[in-house]
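Written out below as structure tokens is the structure these notes cover.
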Number of protein chains: 4
Amino acid sequence: MTHMMKAAIVHEFGRPLSIEEVPIPQPGPGEVLVKVAACGVCHTDLHAAAGDWPVKPTLPFIPGHEVVGTVAALGAGVSDLRIGEPVGVPWLHDACRACEHCETGWETLCENQHNTGYSVNGGFAEYVIASAPFAARLPAGVDFAEIAPILCAGVTTYKGLKETEARPGEWVAISGIGGLGHVGIQYAKAMGLNVVALDITPDKLDLARRDGADIAIDACASDAIQQVLDVTSGGAHGILVTAVSVPAFAQVLQMVRRRGTISLVGLPAGEFPTPIFDVVLKRITVRGSIVGTRRDLDEAVAFAAQGKVKSSVKTAPLEEINHIFEDMKAGKIEGRMVLDIDLA
Amino acid sequence: MTHMMKAAIVHEFGRPLSIEEVPIPQPGPGEVLVKVAACGVCHTDLHAAAGDWPVKPTLPFIPGHEVVGTVAALGAGVSDLRIGEPVGVPWLHDACRACEHCETGWETLCENQHNTGYSVNGGFAEYVIASAPFAARLPAGVDFAEIAPILCAGVTTYKGLKETEARPGEWVAISGIGGLGHVGIQYAKAMGLNVVALDITPDKLDLARRDGADIAIDACASDAIQQVLDVTSGGAHGILVTAVSVPAFAQVLQMVRRRGTISLVGLPAGEFPTPIFDVVLKRITVRGSIVGTRRDLDEAVAFAAQGKVKSSVKTAPLEEINHIFEDMKAGKIEGRMVLDIDLA
Amino acid sequence: MTHMMKAAIVHEFGRPLSIEEVPIPQPGPGEVLVKVAACGVCHTDLHAAAGDWPVKPTLPFIPGHEVVGTVAALGAGVSDLRIGEPVGVPWLHDACRACEHCETGWETLCENQHNTGYSVNGGFAEYVIASAPFAARLPAGVDFAEIAPILCAGVTTYKGLKETEARPGEWVAISGIGGLGHVGIQYAKAMGLNVVALDITPDKLDLARRDGADIAIDACASDAIQQVLDVTSGGAHGILVTAVSVPAFAQVLQMVRRRGTISLVGLPAGEFPTPIFDVVLKRITVRGSIVGTRRDLDEAVAFAAQGKVKSSVKTAPLEEINHIFEDMKAGKIEGRMVLDIDLA
Amino acid sequence: MTHMMKAAIVHEFGRPLSIEEVPIPQPGPGEVLVKVAACGVCHTDLHAAAGDWPVKPTLPFIPGHEVVGTVAALGAGVSDLRIGEPVGVPWLHDACRACEHCETGWETLCENQHNTGYSVNGGFAEYVIASAPFAARLPAGVDFAEIAPILCAGVTTYKGLKETEARPGEWVAISGIGGLGHVGIQYAKAMGLNVVALDITPDKLDLARRDGADIAIDACASDAIQQVLDVTSGGAHGILVTAVSVPAFAQVLQMVRRRGTISLVGLPAGEFPTPIFDVVLKRITVRGSIVGTRRDLDEAVAFAAQGKVKSSVKTAPLEEINHIFEDMKAGKIEGRMVLDIDLA
Ligand SMILES: [Zn+2]
Ligand SMILES: [Zn+2]
Ligand SMILES: [Zn+2]
Ligand SMILES: [Zn+2]
Ligand SMILES: [Zn+2]
Ligand SMILES: [Zn+2]
Ligand SMILES: [Zn+2]
Ligand SMILES: [Zn+2]
């Protein structure tokens, strides 16, 4: 192994990333070094590189949190991973393992967590450090580029669906059929749910149908709400809002069944106005959901490994990251872009 | 039994009620006639008499939905109630018993329900009709005036607390220590919960302490949020908002623990702005709750019958109803006013 | 309509049923008369006709509780069913609707229930009485013979699977692939579960594979337990035992995952020995499950109506009932026998 | 600190423990050294010292798993504990933290756990090693002798009660009012439950009443079952069996409410015969429960620290351990014996 690796680095918020040679990091106790095979590009990476959020990364840093590859070196005390084993490194890089949230399998709520590609370096690079107990175990023979988006987009929608508490045979509506929504449809079908897909472009609605939605409805149609009420006989039991906007939220509030749950994923700024009368009279639940726990990720990966969920991906070499960022900002990306680190 | 009874009747929205002699109603199949002993006066009665809500009662009508008394006559086919048995008639007068909500013990969400003192005549009268399967069974020897407010104020707060999903040993915060909040504190203590009470007047905070709150905090204090975070070591697991207002809601969002639930009872008009970032990152649940089911009411009554919950009541004769309404509008009522129908 | 109908009647326990003309019953208040189209034959019918259980039917009576047909006449006060509407009449003929179990959607536990074909006359006849609120609503155009077994075999296995609390993506094992088990496999797959089928005959294992089992294992194989532990990576999260026998129960206790649940359906006499050490150390849950509630039945029917579950049936005319009983006792029935009442 | 400590050591199964001077152990990475203040004596210690169970401790070893004291030294990498901080060391010494059970807050089911006083040395000594993330944090100023039994007896009963899923206001029956049962009563009351206590000696029944049981019933009375059915109006929602025996189990099966849960703690050998008919028809749940997780222990300690639960303890010096074992075998112990390590 040489001592240097290629990485895409943010030196200044809002400026293009720089592709450079930097030293390969060394795994500390309880950590492993991962040779990156592929890394998905997520909107959170855009926010990280732009310094959009209140708590910003410390410069310079390497983004990327849909990281998959193989174990290249073991830090002290790591006995349950082997060199060459396929692993993933998700947004939740590590957590304290001792707070009430970590103790109860809700480590995504730990106040002492580190986040990959944000507070610690991520996967837009040839190597990355993972915390051994938080690295996702991947099945042998997995297609790295295809599984990469499961690490964030996949588990986020899967967890969001679980949080609706909809049961097999019930209806979920998925609002927004982009990188999250199109895998959400597949998870929902694999979970035995009936699915209404909502979006505003014909292409996305076609994609939704191909991904298995029982019905795909133009959210801008004047009778969109009525269509959902009709097909679901009274409203969806669960609603997953992948792109929380004020109009989308106002609309789904009219589409949710009495006693139903609206699950919000995604992190736009701002507030959404919630009508008290409806929420109380219909016993509606509104709930936020953030990525997924280790267990959620194991389950999300298992569905994908069984072939029940497949993210639509395009690969590109690491050097293309700035173009990809431009295209994402312009809304030009279909499905998910994944950096194939061995390319180029 | 004579054929006439005294009742307080709304002939026109927003005008004083008229105390009149009207025919005693006859119970139909599956119904019973109840001789009213006492009837609590709830804010909903004010809204009903004022015609405040979109779907209004049909004039003329008799308000009152915290009705307690004894069975005076049985309609055809009623075999599980006896003459003289103590019963209560709650807001949920009857429901369809066959929809998905009725089938699953959520009849409060039935779209074909009737409401006492609103869509059917209520308990501001010497007699009222009840639907046999929806009449609450009361323990022998119960104090009618004391139990009356359990029929609405009691069960509403009890159910709202259940809906927070807080478990014994965890913390709930109760925002607003009025007619609902002061019984809510007692239910929470009886449920093994630790209680933070929040209000803005010293009198209400004193009442909260007497009712068993572990700590009572002035919601206007500049460090109110910090006090709650400190005493609960990170925020309340559940929050019951008895008086939903925009500032109260904004405040409790800062007081709720990660993964906690805010339960809203009460039906003000309007919307409350919900901050997406916090709700998602902390996995907060916001949930409406409306009165309680038959089972909830049985449980709420049992706590009261055991002496664990006691509503603070003052009694007055039926003829005082218009004065009571005036005092309620002026915010002059402490605890709950209950019409003692045998007085006068 | 003539006043007489054909029916198969038990006059004496353990003797052949007698096919006779008897008066068509009249629906009372809240009841409907159902023109029977088809009626499945269940093992419980055998027990009923033999007088096997402690509380026996009152002689003479008409068995049959997987009844489907159309509404032929409405009793007084029935407003939510129409003449000609397709309905089903399940084992749970009616319940009190006011006890704690009825109030909470667990009417199958009501102590004042009546059972079709047991304490009230059943569907081995041209007409049967149903209680309007307990009659199952069937989709228009349903195939009566195919849907009949859902009324008991279907809902029983569906409910039993729900009671395992296994979630989509987890493993269930189904022990016994007869009339119950073969629909259980289909429900489990529709619910997003992975399925191990266990039986002791090659034919049944083949049937299990055709019905979608991920793996079918010979329960008599010396390595049967190890096979289950291997394929499930540690044991099944849920186990449905459709034929509770001492050896079957002893075996599945070694196949259940730590924290898993064994759900028992079926009503053999006797006791099964439960090993304390395993149950405690592995936190195993053992739970009985009996038929299903109205809501469970609605859900079970919906899966069948969607084509996701299909019972394997053979039809025969009512006159064949005694031959069918003989074949059932001899274990000669494949799938489910359904009486087609219009035949003959 | 000297280098030697006093300890009670098992050199041979079934022989008296030897009080000796042995080297103080050194904490490894992630571990702490705890100066023992007190250690409760549990029946499991008897089984350990006798080598009663299939998987035996490796000789020689130090028993004791209700250990409390203060942190005396920190191993490498421990940053969240401080010297002098009060901590507890429970039966669950450590677990793998990465299996599906550890990931979901069920580390008590981890197949790679170590157990204090069994597979690693325990607290019948002046010092003991704890795993930092598994050491229980105790409140400042706690009474060590009083809190010690919470580490095993307390958390075991508390968890067992949680596992009944009985809710505040419902009834639990607690069978066996010994070291486990008498704290179980207190936990149940603190959880808002109504409590029936069952035992066969008047002394224990008196103790149960003093500990807050709503009713204490002689389990040998011919009408014991009927008394429970009467006072609970139909059977207990939850039953905690602290001393699983065949007759006790057979009895509580007749005392459990329809849809109720029987929770078994304790580890006798053997099997209990479970009647299928009752379990199925009444939808009874039988569930094992083993100690409690870290979170359960935090909660159990918090109830005790609030003064809501108090174990009845007697203290003795370490040198008395063999006499205590003799008394325990003879059934002569009232409440809990706790070794006060500073005595003598
Ligand atoms: Zn943490
Ligand atoms: Zn992401
Ligand atoms: Zn009210
Ligand atoms: Zn309804
Ligand atoms: Zn059947
Ligand atoms: Zn009932
Ligand atoms: Zn112990
Ligand atoms: Zn583990």
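A short reminder: the numbers here are calculations on the coordinates, not readings from a lab. Worth saying up front: this structure is predicted, and the values here are computed from it rather than measured. Heads up, the Cβs are rebuilt from the backbone with ideal geometry, glycines too, and the neighbour counts pull from every protein chain shown.
Below, the figures for the structure above:
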{"quantity": "Per-copy distances of the B:P202 label point, shortest first, in nm (7 angstrom along Cα→Cβ)", "calculated": "5.6, 7.2, 9.1"}
{"quantity": "Relative exposure of C:Y158, D:Y127, judged by other C-beta atoms within 10 Å (fewest first)", "calculated": "D:Y127, C:Y158"}
{"quantity": "Cα centre as origin, Lys/Arg/Asp/Glu Cβ charges: chain C dipole, Debye", "calculated": "840"}
{"quantity": "Candidates A:K56, A:K310, A:K332, ranked by Gaussian network fluctuation over chain A, Cα under 10 Å, top entry", "calculated": "A:K332"}
{"quantity": "Cα gyration tensor shape of region A:62-109, rounded if a/c is under 1.5, else prolate or oblate by comparing a/b with b/c", "calculated": "oblate"}
{"quantity": "Within the protein assembly as shown, helix-based [θ] at 222 nm, where runs of 4 or more DSSP H residues each add -39,500 (n - 2.57), nearest 500", "calculated": "-7000 deg cm²/dmol"}
{"quantity": "Least to most buried among D:M5, A:M337 (fewest other Cβ within 10 Å first)", "calculated": "D:M5, A:M337"}
{"quantity": "Only Lys, Arg (+1) and Asp, Glu (-1) charged, at Cβ; region C:232-344 dipole about Cα centre in debye", "calculated": "860"}
{"quantity": "Shielding by partners - mean other protein chain Cβ count within 10 Å, residues of B:255-267", "calculated": "3"}
{"quantity": "Rg followed by Dmax, in Å, when chain C is reduced to its Cα trace", "calculated": "20.1, 65"}
{"quantity": "Inter-centroid distance (Cα atoms) of region C:168-202 relative to region C:111-153, Å", "calculated": "25"}
{"quantity": "Rounded, prolate or oblate (a/c below 1.5 giving rounded, otherwise prolate when a/b exceeds b/c) for region D:195-344 by Cα gyration tensor", "calculated": "prolate"}
{"quantity": "Closest approach to the C/A rotation axis among chain C Cβ atoms, residue and whole-Å value", "calculated": "C:G192, 2"}
{"quantity": "Positive-end residue of C:V128, C:G160, C:I185, charge dipole of region C:122-216 with Cβ unit charges", "calculated": "C:G160"}
{"quantity": "Cross-link partners of C:K314 among lysines (Cα-Cα below 22 Å; sequence separation of 8 or more within a chain)", "calculated": "C:K6, C:K35, C:K204, C:K329, C:K332"}
{"quantity": "Mean Cβ count within 10 Å, highest first, over the residues of peptides D:316-325, C:262-271, A:40-49", "calculated": "A:40-49, C:262-271, D:316-325"}
{"quantity": "Inter-copy separations for D:P23, label at 7 Å along Cα-Cβ, nm, ascending", "calculated": "3.7, 9.7, 10.0"}
{"quantity": "Antiparallel DSSP beta bridges within chain B, as percent of all bridges there, nearest 5", "calculated": "55"}
{"quantity": "Alpha-carbon centroid distance for the pair region A:291-344 / region B:1-24, whole angstrom", "calculated": "70"}
{"quantity": "Point-charge dipole on Cβ atoms (K/R +1, D/E -1) for the protein assembly as shown, about Cα centre, debye to 20", "calculated": "0"}
{"quantity": "Of A:K162/D:K159; C:K159/C:K308; A:K159/B:K159; B:K308/D:K282; B:K310/D:K162; A:K159/A:K308, those spanning more than 19 Å from alpha-carbon to alpha-carbon", "calculated": "A:K162/D:K159; A:K159/B:K159; B:K308/D:K282; B:K310/D:K162"}
{"quantity": "Region A:18-67 shape via C-alpha gyration tensor axes, a/c threshold 1.5", "calculated": "prolate"}
{"quantity": "Isotropically averaged projected area of the protein assembly as shown, using the convex hull of Cα atoms (one quarter of hull area), nm²", "calculated": "53.5"}
{"quantity": "Placed amide H near B:R257: partners under 5 Å, 5+ positions off or other chain", "calculated": "B:A236, B:H237"}
{"quantity": "Order of B:V241, B:V128, D:V120, B:V279 - criterion: other Cβ atoms within 10 Å of each residue's Cβ, fewest first", "calculated": "D:V120, B:V279, B:V241, B:V128"}
{"quantity": "Across the identical copies, how the A:Q254 labels are spaced - nm, sorted shortest first, 7 Å along Cα→Cβ", "calculated": "3.5, 6.1, 6.2"}
